[in-house]
Amino acid sequence: MREWFAAGSAKQRVEQFSLEAAGLYLDYSKNRITPQTMALLMQLADEAGVPKRRDAMFAGDHINATEDRAVLHIALRAGAGATFKVDGKPVMPAIHAVLDRMRVFSERVRSGDWTGFTGKRITDVINIGIGGSDLGPRMVCRALSHLASNGPRMHFVSNVDGTELAECLDRLDPEQTLVIVCSKTFTTLETMANACSARQWFLDKGVALAVSTNVEAVRAFGIDPAHMFEFWDWIGGRFSLWSSVGLSIALAVGFDAFEDLLIGGRAMDEHFRSAPLAQNMPVVLGMLGIWYRNFFGMPTSCMAPYSTSLELFPAFLQQLEMESNGKSVQLDGRHVRAHTAPVVWGSAGTNGQHAYFQLIHQGSQIVPVDFVAPLRPPRLLPGHHAKLLANCFAQAEALMLGRTAEALRATGLADEIRIAHMVFEGNRPSNTLLMEDITPHTLGALIALYEHRTFVQGVVWNINSFDQWGVELGKILAKPIEGELTDAAKAAAGRHDASTGSLIARARAVLGSA
Ligand code: F6P
């Protein structure tokens, strides 16, 4: 890459390897690619059926084959004229009916018109959920917190570790707190345990709502279905923040901002649906990921948002990519013959620079990095943002250029051992994604970009990106172990491998259970 950027055609390289869509600018010139690489990667995308599968998704086909479901989170953010159907039935009227309810409800809560059980204004909202019922809305509320000054304070509780809920409840007044129990299935252990404990806390004083696809379970839990915001099984949990799962977002920043988020997502959908493959941002990003994962064997990739507001984006992306594409079996049941999703990791810059960037610059494994940065900060403190951006750009430049032994010697350094330690080999790939500001619109586009990128890669690997069987087994095994931890008879009857058995015995000895 150093040589390519030293050539007279370097400016042309940047023009050739950059794209704009939906308010996002992508510079992907700092990759190990030539025009021929990109042409071949696009050919691979085409031959793997990316356009065909994309069209099947937009047509409402049951592309989630193992669960026999359509995949239509795109319908949630479609415009008024959209005509999405599932099994021949139009879905837009139901989507708009729920959106209308969300608008009315969020505006009433925010204005103080809708009060708690005892007539007091709602000052705090707790979203109880996990996975897709937590990471998406939590990330968006964090990213848009600069717009949240007139809304209730948001709290997110996900872990079944009671510490999280207890610490949250300690700070709040049940009479002024709205609890949202957010779960697609309404059976998830963590969420139901937290919801039961929260119910004890606000008994006779507080109020709870449900967000779910499972009306029967909501009723059985004791929430009146009239207090439920619906969504549907053709929306995957990790793609659900655009549905009523986003109620917490609408409460925090207002429904107009939530609607702008949908519009930003829609702008990326339209780009993904219509742009030629070579100018299609999700396709280009997806195929670059394939290039490094499958052709270079790079096992991880780093998301580095240079923005505290986007600090939860890496965690959101982990579920999106690793739950979607952490698979080993193709659609037809055969084993995948290539590596699938890399390990996704990262955190906000510049913090990462002082923790793990050493490895990214000089470690023995190459880690492709996606830098994401807003050009203007959500909160202005003089001088800070230029420093932040400068560091973002400098990291990408350092990764690409590196530092040669010759350059070090030219500074007068003569100690060859020292020089060896101070060389940066460079040629390390990164993408830089810029947006002018973090607005609901650009954030919506950013999220939809990574959703579609994940989808593109799943198509190339010929896997189902929309199921998650890999999380089932642990859940099943936890049930009997929970009983054995608290019940001597069950513990005596438990059958486990020697290691698990001894861990249970050790825990029982400390817990002093019956
Ligand atoms: O971790 C598995 C999973 O099913 C995720 O896919 C999902 O987002 C999460 O659990 C929560 O599920 P639910 O919304 O049904 O509580």
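What the table below lists for this structure:
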{"quantity": "Neighbours by Cβ (under 6 Å, 6+ apart or cross-chain): first from segment 14-39, among the aliphatic types (A, V, I, L, M); second at pLDDT 95 or above and in a loop (DSSP other than H, G, I, E, B)", "calculated": "VAL14/SER29"}
{"quantity": "In segment 463-502, the residues that are under 30 Å from ILE235 (Cβ atoms), aliphatic (A, V, I, L, M) and at pLDDT below 95", "calculated": "VAL471, LEU473, ILE476, LEU477, ALA478"}
{"quantity": "Hits in segment 147-177 (condition: more than 30 Å from GLU259 (Cβ to Cβ) and assigned to a loop (DSSP other than H, G, I, E, B))", "calculated": "ASN159, VAL160, ASP161, ARG171, ASP173"}
{"quantity": "Answer residue from segment 304-313, given it is in contact with a strand residue (DSSP E or B) (Cβ under 8 Å, 6 or more places away or on another chain) and part of a helix (DSSP H, G or I) and is farthest from the ligand (Cβ to nearest atom) among those", "calculated": "SER309"}
{"quantity": "Given (1) surrounded by fewer than 20 Cβ atoms within 10 Å (Cβ to Cβ); (2) within 16 Å of the ligand (Cβ to nearest atom); (3) not β-branched (Val, Ile, Thr), index of the condition LEU147 fails", "calculated": "(2)"}
{"quantity": "Residue satisfying condition, being in contact with a His (Cβ under 8 Å, 6 or more places away or on another chain) and either at pLDDT below 95 or within 16 Å of the ligand (Cβ to nearest atom) (or both), within set SER243, SER248", "calculated": "SER243"}
{"quantity": "Close pairs (7 angstrom Cβ cut-off, 6 or more residues apart or separate chains): in the same structural domain as LEU449 (by TED's automatic domain parsing) and under 22 Å from MET435 (Cβ atoms) in segment 309-326, part of a helix (DSSP H, G or I) and among the acidic types (Asp, Glu) anywhere", "calculated": "LEU320/GLU451"}
{"quantity": "Pick from segment 438-479, criterion among the charged types (D, E, K, R) and farther than 16 Å from MET322 by Cβ, ranking: surrounded by the most Cβ atoms within 10 Å (Cβ to Cβ)", "calculated": "LYS475"}
{"quantity": "Among the residues listed as PHE202, PHE156, PHE186, the single one being surrounded by 19 or more Cβ atoms within 10 Å (Cβ to Cβ) and at positive phi", "calculated": "PHE186"}
{"quantity": "Test: residue in segment 440-451 that is farther than 30 Å from LEU144 by Cβ, among the β-branched types (Val, Ile, Thr) and either outside the structural domain of SER328 (by TED's automatic domain parsing) or at pLDDT 95 or above (or both)", "calculated": "no"}
{"quantity": "Single match in PHE295, PHE371, PHE316 (criterion: within 30 Å of VAL50 (Cα to Cα) and within 16 Å of the ligand (Cβ to nearest atom))", "calculated": "PHE316"}
{"quantity": "Residue that is touching a strand residue (DSSP E or B) at 6+ places or on another chain (Cβ under 6 Å) and of a type outside the set (Phe, Trp, Tyr), where the choices are ALA507, ALA445, ALA491", "calculated": "ALA445"}
{"quantity": "ASP161 acidic (Asp, Glu), at pLDDT 95 or above and surrounded by fewer than 21 Cβ atoms within 10 Å (Cβ to Cβ)", "calculated": "yes"}
{"quantity": "Selection status of ARG142, out of contact with any strand residue (DSSP E or B) (no Cβ under 7 Å at 6 or more places or on another chain), outside any loop (DSSP other than H, G, I, E, B) and not aliphatic (A, V, I, L, M)", "calculated": "yes"}
{"quantity": "Pairs, first touching a residue at least 24 places away in the same chain (Cβ under 8 Å) in segment 374-390, second among the β-branched types (Val, Ile, Thr) and surrounded by 11 or more Cβ atoms within 10 Å (Cβ to Cβ), C-beta under 7 Å, six or more apart", "calculated": "PRO374/ILE438; PRO378/ILE438; LEU388/THR350"}
{"quantity": "Matching option when the condition is under 25 Å from the mean Cα position of the chain (by Cα) and of a type outside the set (Phe, Trp, Tyr), among ALA80, ALA59, ALA97", "calculated": "ALA59"}
{"quantity": "Subset tally (residues that are farther than 29 Å from ASN64 by Cα and either touching a residue at least 12 places away in the same chain (Cβ under 8 Å) or not acidic (Asp, Glu) (or both)) for segment 222-249", "calculated": "4"}
{"quantity": "Single residue of segment 154-184 satisfying the filter (of a type in the set (S, T, N, Q) and touching a Ser or Thr at 6+ places or on another chain (Cβ under 7 Å)) that is farthest from the ligand (Cβ to nearest atom)", "calculated": "GLN176"}
{"quantity": "Hits in segment 110-122 - residues which are buried (at least 16 other Cβ atoms within 10 Å of the Cβ) and in contact with a helix residue (DSSP H, G or I) (Cβ under 6 Å, 6 or more places away or on another chain)", "calculated": "TRP114, GLY116, ILE122"}
{"quantity": "For HIS441: the one exception among (1) in a helix (DSSP H, G or I); (2) touching a Pro at 6+ places or on another chain (Cβ under 7 Å); (3) in contact (Cβ under 8 Å) with a residue 24 or more places away in the chain", "calculated": "(2)"}
{"quantity": "Index of the failed condition, SER301 passing every other in (1) assigned by TED's automatic domain parsing to the domain that holds ALA80; (2) among the polar types (S, T, N, Q); (3) not in a helix (DSSP H, G or I)", "calculated": "(1)"}
{"quantity": "Residue in segment 397-406 that is modelled with pLDDT of 95 or more, in the same structural domain as LEU317 (by TED's automatic domain parsing) and buried (at least 22 other Cβ atoms within 10 Å of the Cβ) present", "calculated": "yes"}
{"quantity": "Residue selected from segment 319-366 under the condition under 21 Å from the mean Cα position of the chain (by Cα), surrounded by 17 or more Cβ atoms within 10 Å (Cβ to Cβ) and part of a helix (DSSP H, G or I), by the criterion farthest from the ligand (Cβ to nearest atom)", "calculated": "GLY352"}
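The values are calculated or read from the model by the stated rules, or taken from the named source; none is laboratory data. Being a predicted model, the structure only gives us computed values, none of them experimental. As a convention, Cβ positions derive from the backbone with ideal geometry for all residues, glycine included, and neighbour counts pool all protein chains shown.
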